[in-house]
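**Student:** Below is a structure I'd like to ask you about.
The values are calculated or read from the model by the stated rules, or taken from the named source; none is laboratory data. Everything numeric in this text was worked out from a predicted model, so none of it was measured. Counting neighbours? That spans all protein chains shown, and the Cβs are built from the backbone with ideal geometry, glycine included. Keep in mind that these areas ignore ligands, DNA and RNA; they rest on the heavy atoms of the full protein, side chains included. Shrake-Rupley method; radii C 1.70, N 1.55, O 1.52, S 1.80 Å.
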Amino acid sequence: MIFENTANKTEQKLEKELGRLGIKTTPDLLFYFPARYEDFSNVLKISEIRQGEQISIKARVTQIKAVNAFYGRINRAEAIVSDQSGSLMVVWFNQSYISKYLNDGDEVFLAGTVRLYQKGKVSMLQLQNPVWEKVVHIDDFDPISIHTGRIIPIYKLGGAISLRNMRTCVYQALQKVSSIKEYLPEEMLSEINLLNIQETIRNLHFPENNELFVKAKYRMGFEEVFYAQLAVIKHRAELEAEKATPIPFDKELIQNFIQTLPWELTMDQKKATWDILKDMQKTTPMNRLLEGDVGSGKTLVAFISALQALSLGHQVVLLCPTEILAQQHYNSALKYFKEQYTQKKLSIMLLTGKKAGINGNNKANRKELIAEIKHGGPQLVIATHAALQTSVEFKNIALLIIDEQHRFGVRQRAHLQQQSKEIYPHLLSMSATPIPRTLKLSLFGDLEISQIKQMPKGRKIIKTKVVNQTERPDAYVFVLKQITLGRQVFVVTPLIEESDKLGVKSATQEHQALQKIFPKLKIGLLHGKMKTTEKETVMQSFLNKELNILVSTSVIEVGVDVPNASVMIIEGAERFGLAQLHQFRGRVGRSEHQSYCLLFSDNESERVRLRLKNFSEISDGFELAEIDLKTRGFGNIFGEEQSGFAYFKFYDYDPQTAKLAQTWAKNIYTKDPDLKKHPEILKLINEQIVHLE
């Protein structure tokens with residue numbers, strides 16, 4: 001219960017609306033922190049305001065009236081307000097009801113944008129649609145304001161609750177903030193000079209001043225990264241106590257396989273492969289992240305590692321985030337391991353939501369395939385989330401490989417890892433999105449990390465150019481020349497509205513527009529709402545060079561490999577993060593052909609143009625990820641919020657805070673590994689998914 005008066009219908013309604021936001025108790029409400037803030041703390045005199053400024057004033061209403069609509073005019077409330085320095089006209093369009101709540105003589109806070117009102121030769125400053133609030137004096141103290149005249153909180157809302165009601169509910173709940181008990185150790189608070197939890201909550205909702213707001217934000221940010229570090233340390237210790245199947249290194253097997261490859265491994269690939277093979281020899285589970293730029297050859301390294309486990313009769317599972325990527329890995333495995341599966345030394349399996357395949361037979365019986373998986377043996381099972389269904393059982397997973405690991409939640413991975421019960425599989429995670437140094441320290445301390453920065457020999461740097469509106473015709477001429485040379489073109493479209501979650505609308509519109517520009521070319525369309533078979537048909541047509549251009553949503557971001565494609569056009573490029581743009585760019589440049597990335601943007605903002613220009617001049621994905629983290633936050637690096645990745649709401653990713661939190665986490669865990677002396681902290685880190693295997 002949030003409100004005590006259960007008979008009050010207004011409060012009953014508010015409680016119902018808060019419940020829709022997951023807020024059921026007073027602590028829930030107190031920990032429902034604002035999404036952002038607006039600073040109206042600088043209260044000006046009326047004589048000091050200027051046109052176009054966002055301002056906050058305290059004045060007295062000298063006149064207010066409702067103006068009803070007639071002859072096409074708008075219902076509104078009009079008021080004249082005054083202070084000692086002058087008077088100002090205020091208008092609320094389509095809010096004539098405000099005249100019922102404010103009366104002549106009321107003292108009010110007003111916050112909004114000042115506009116210049118002109119009618120004929122008359123012009124005057126006018127405050128339009130301001131936030132308003134009556135000034136309330138308590139005894140001899142300063143007037144209280146929660147909607148204006150201060151740094152005001154802006155909450156994420158839902159249902160019928162208004163921002164005004166939300167602020168009022170939170171302000172009332174703050175009267176009970178003393179009931180929230182401190183859960184961080186007292187010595188931590190004093191040594192680091194952190195605000196206590198009560199002061200933190202107060203100043204995150206209604207900051208008394210900017211200094212206290214910064215301190216409150218730092219307290220919560222430190223707390224977040226501290227929990228992350230403690231969870232990482234705890235998980236690493238738990239993992240080291242588990243048993244894994246040791247997989248001895250077979251030098252002859254690996255060397256013979258590498259010699260069959262049509263190209264030489266890069267030094268980075270060789271080093272990463274050796275790191276993994278050494279880890280797999282241990283009786284404790286490997287927990288390694290393989291990160292490498294798009295097209296750097298991570299998958300081949302994973303296959304070499306898989307071969308070592310398969311040769312000893314174990315199962316290897318490769319989890320993929322999309323069916324397109326799973327199919328591609330399956331095709332690659334059939335190519336790399338042709339000798340092994342034709343000689344029946346291993347089975348290569350494909351399991352997605354719609355398809356089941358084994359050793360090249362893509363129309364295998366699904367039930368029989370699942371029964372075969374349960375039987376076990378030297379099986380490379382390449383699967384999507386379909387492998388996480390309860391009907392799918394594995395017998396002896398020795399190695400679990402997860403491609404684009406941030407797209408799978410911790411619990412999903414644990415489902416497969418724990419199937420072996422007493423034996424824990426070795427885990428190899430892969431990501432084409434480089435993880436910035438600060439985040440490695442903050443979140444990935446339980447992972448050993450291998451990097452592949454070198455590109456395969458013969459790969460050329462992709463030439464990237466920002467294309468403005470006037471240059472589009474020339475760009476289309478260039479595209480046509482590339483197609484005439486036998487090349488193919490990707491076109492990626494962004495979301496154009498929140499309701500179109502899969503970007504279907506923008507992709508369809510772009511497809512139609514390009515059909516008019518290139519009436520003689522064959523243009524395909526790919527988006528998330530298409531059926532799996534439809535998507536596969538389109539991709540296969542593009543791979544077979546039956547299509548000149550493929551228009552797609554971000555479904556092609558990960559893993560799609562079309563060596564003949566030499567041009568990547570990104571529409572609305574300003575809508576994507578730098579790392580995501582780099583992912584798109586990596587879909588081309590996968591052969592000896594010179595490739596190009598054209599960034600289409602109609603946004604004339606200098607900031608946008610500079611950002612895209614900087615991207616066009618940087619080809620290193622690791623450098624781009626660092627920039628993206630500093631400018632746009634963690635969620636934008638990986639495209640969409642995933643379990644664990646959306647955890648940091650207050651932490652600003654500075655290394656010093658991460659190191660300090662790590663020191664405290666190690667100290668506490670060393671003294672209290674079961675966290676029996678810190679039950680609240682244990683509860684909090686168990687509730688939050690704050691580490692990524």
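**Student:** For the stretch 3-17, check the following and say yes or no: at least one residue is over 31 Å from the mean Cα position of the chain (by Cα), of a type in the set (A, V, I, L, M, F, W, C), within 19 Å of L174 (Cβ to Cβ) and modelled with pLDDT under 80.
**Tutor:** yes
**Student:** Any chance the stretch 51-67 includes a residue that's more than 28 Å from K100 (Cα to Cα), open to solvent by 60 Å² or more (accessible area, probe 1.4 Å), part of a helix (DSSP H, G or I) and of a type outside the set (F, W, Y)?
**Tutor:** Looking through the stretch 51-67, none of the residues is more than 28 Å from K100 (Cα to Cα), open to solvent by 60 Å² or more (accessible area, probe 1.4 Å), part of a helix (DSSP H, G or I) and of a type outside the set (F, W, Y).
**Student:** Which pairs have Cβ atoms under 8 Å, sit 6 or more apart or on different chains, and link a residue in the stretch 287-302 that is over 18 Å from P563 (Cβ atoms) to one that is basic (K, R) and open to solvent by less than 10 Å² (accessible area, probe 1.4 Å)?
**Tutor:** Note: no pairs meet the criteria.
**Student:** In this structure, is I556 open to solvent by less than 20 Å² (accessible area, probe 1.4 Å), at pLDDT 90 or above and either under 28 Å from the mean Cα position of the chain (by Cα) or closer than 14 Å to V492 by Cβ (or both)?
**Tutor:** Working: open to solvent by less than 20 Å² (accessible area, probe 1.4 Å): yes; at pLDDT 90 or above: no; either under 28 Å from the mean Cα position of the chain (by Cα) or closer than 14 Å to V492 by Cβ (or both): yes.
So I556 fails the test.
**Student:** Pairs needed: first member in the stretch 241-259, touching a residue at least 40 places away in the same chain (Cβ under 8 Å); second member anywhere, acidic (D, E); C-beta distance under 9 Å; at least 6 residues apart or different chains.
**Tutor:** E242/E422; K243/E422; I258/E264
**Student:** For the stretch 235-249, enumerate the residues that are open to solvent by less than 40 Å² (accessible area, probe 1.4 Å) and assigned to a helix (DSSP H, G or I).
**Tutor:** Answer for the stretch 235-249, where residues must be open to solvent by less than 40 Å² (accessible area, probe 1.4 Å) and assigned to a helix (DSSP H, G or I): H235, A237, L239.
**Student:** A further question follows. So if I check each of Q229, Q269, Q198, which one is assigned to a helix (DSSP H, G or I), surrounded by 12 or more Cβ atoms within 10 Å (Cβ to Cβ) and at pLDDT below 90?
**Tutor:** Details: Q269 fails: at pLDDT below 90; Q198 fails: at pLDDT below 90.
Checking each option against the conditions leaves just Q229.
**Student:** Quick one: how many residues across the stretch 524-546 are crowded, with 20+ Cβ neighbours inside 10 Å and in contact with a helix residue (DSSP H, G or I) (Cβ under 9 Å, 6 or more places away or on another chain)?
**Tutor:** Of the residues in that region, 5 qualify.
**Student:** Taking the residues in the stretch 298-320 that are touching a Ser or Thr at 6+ places or on another chain (Cβ under 7 Å) and either basic (K, R) or outside any helix (DSSP H, G or I) (or both) as candidates, determine which candidate is most open to solvent (accessible area, probe 1.4 Å).
**Tutor:** Checked the stretch 298-320; the qualifying residue most open to solvent (accessible area, probe 1.4 Å) is H314.
**Student:** Those residues that are open to solvent by less than 80 Å² (accessible area, probe 1.4 Å) and either closer than 18 Å to S605 by Cβ or assigned to a strand (DSSP E or B) (or both), I need them from the stretch 455-471; list them, please. Give the steps one after another, and end with the answer.
**Tutor:** Step one: list which residues in the stretch 455-471 are open to solvent by less than 80 Å² (accessible area, probe 1.4 Å), which gives 455-456, 458-459, 462, 464, 466-468, 471.
Within the stretch 455-471, T464, V466, V467, N468, E471 qualify.
**Student:** With among the acidic types (D, E), open to solvent by 10 Å² or more (accessible area, probe 1.4 Å) and without any contact (Cβ under 8 Å) to a residue 40 or more places away in the chain as the only criterion, which of E48, E107 stands out?
**Tutor:** Details: E107 fails: without any contact (Cβ under 8 Å) to a residue 40 or more places away in the chain.
The unique qualifying residue is E48.
**Student:** Check Y117 against each of (1) closer than 20 Å to D652 by Cα; (2) free of Cβ contacts under 8 Å to residues at least 60 places away in the same chain; (3) not small (G, A, S) and name the one condition it does not meet.
**Tutor:** Against the list (1) closer than 20 Å to D652 by Cα; (2) free of Cβ contacts under 8 Å to residues at least 60 places away in the same chain; (3) not small (G, A, S), Y117 comes up short only on (1).
**Student:** If you check I74 against the conditions, is it more than 22 Å from F40 (Cβ to Cβ), under 46 Å from the mean Cα position of the chain (by Cα) and β-branched (V, I, T)? Break it down into steps so the answer makes sense when it comes.
**Tutor:** Working: more than 22 Å from F40 (Cβ to Cβ): yes; under 46 Å from the mean Cα position of the chain (by Cα): yes; β-branched (V, I, T): yes.
Yes.
**Student:** Sort through E291, E372, E323, E339 and tell me the only one that's open to solvent by less than 10 Å² (accessible area, probe 1.4 Å) and among the charged types (D, E, K, R). Explain how you work it out, then say what you get.
**Tutor:** On the way: E372 fails: open to solvent by less than 10 Å² (accessible area, probe 1.4 Å); E323 fails: open to solvent by less than 10 Å² (accessible area, probe 1.4 Å); E339 fails: open to solvent by less than 10 Å² (accessible area, probe 1.4 Å).
Exactly one residue qualifies, and that residue is E291.
**Student:** Taking the conditions exactly as written (over 39 Å from the mean Cα position of the chain (by Cα), closer than 30 Å to R115 by Cα and in a helix (DSSP H, G or I)), does S47 satisfy them or not?
**Tutor:** Working: over 39 Å from the mean Cα position of the chain (by Cα): yes; closer than 30 Å to R115 by Cα: yes; in a helix (DSSP H, G or I): yes.
Criteria met by S47.
**Student:** Looking at (1) touching a Leu at 6+ places or on another chain (Cβ under 8 Å); (2) surrounded by fewer than 23 Cβ atoms within 10 Å (Cβ to Cβ), can you tell me which one N256 breaks?
**Tutor:** All conditions pass for N256, except number (1).
**Student:** Scan the stretch 613-627 and give yes if some residue there is modelled with pLDDT of 90 or more, under 21 Å from I462 (Cα atoms), open to solvent by less than 60 Å² (accessible area, probe 1.4 Å) and of a type outside the set (V, I, T), otherwise no.
**Tutor:** Within the stretch 613-627 (the criterion being modelled with pLDDT of 90 or more, under 21 Å from I462 (Cα atoms), open to solvent by less than 60 Å² (accessible area, probe 1.4 Å) and of a type outside the set (V, I, T)), the answer is yes, since at least one residue qualifies.
Here's the yes/no breakdown for (1) assigned to a loop (DSSP other than H, G, I, E, B); (2) of a type in the set (A, V, I, L, M); (3) at pLDDT 90 or above:
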{"position": "I496", "(1), (2), (3)": "yes, yes, no"}
{"position": "S506", "(1), (2), (3)": "no, no, no"}
{"position": "H511", "(1), (2), (3)": "no, no, yes"}
{"position": "G528", "(1), (2), (3)": "yes, no, no"}
{"position": "E546", "(1), (2), (3)": "yes, no, yes"}
{"position": "D561", "(1), (2), (3)": "yes, no, no"}
{"position": "A579", "(1), (2), (3)": "no, yes, no"}
{"position": "R590", "(1), (2), (3)": "yes, no, no"}
{"position": "L599", "(1), (2), (3)": "no, yes, yes"}
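**Student:** What number of residues in the stretch 28-45 are out of contact with any Ser or Thr (no Cβ under 8 Å at 6 or more places or on another chain) and either at pLDDT 90 or above or surrounded by 14 or more Cβ atoms within 10 Å (Cβ to Cβ) (or both)? Let's see the steps before the verdict.
**Tutor:** Just the residues of the stretch 28-45 that are out of contact with any Ser or Thr (no Cβ under 8 Å at 6 or more places or on another chain), to begin with: 28-39.
Now drop any that are not either at pLDDT 90 or above or surrounded by 14 or more Cβ atoms within 10 Å (Cβ to Cβ) (or both), which leaves 28-34, 37-39.
Within the stretch 28-45, residues that are out of contact with any Ser or Thr (no Cβ under 8 Å at 6 or more places or on another chain) and either at pLDDT 90 or above or surrounded by 14 or more Cβ atoms within 10 Å (Cβ to Cβ) (or both) number 10.
**Student:** Of the residues that sit in the stretch 167-182 and are touching a residue at least 24 places away in the same chain (Cβ under 8 Å) and open to solvent by less than 30 Å² (accessible area, probe 1.4 Å), which one is nearest to K683 (Cα to Cα)?
**Tutor:** The initial filter retains those residues of the stretch 167-182 that are touching a residue at least 24 places away in the same chain (Cβ under 8 Å), namely 169-171, 173-174, 176-177, 179-181.
Subsequent filtering for residues that are open to solvent by less than 30 Å² (accessible area, probe 1.4 Å) retains 169-170, 173-174, 177, 180.
Numbers: C169: 27, V170: 25, A173: 24, L174: 24, V177: 20, I180: 15 Å.
Restricting to residues being touching a residue at least 24 places away in the same chain (Cβ under 8 Å) and open to solvent by less than 30 Å² (accessible area, probe 1.4 Å), the top hit is I180.
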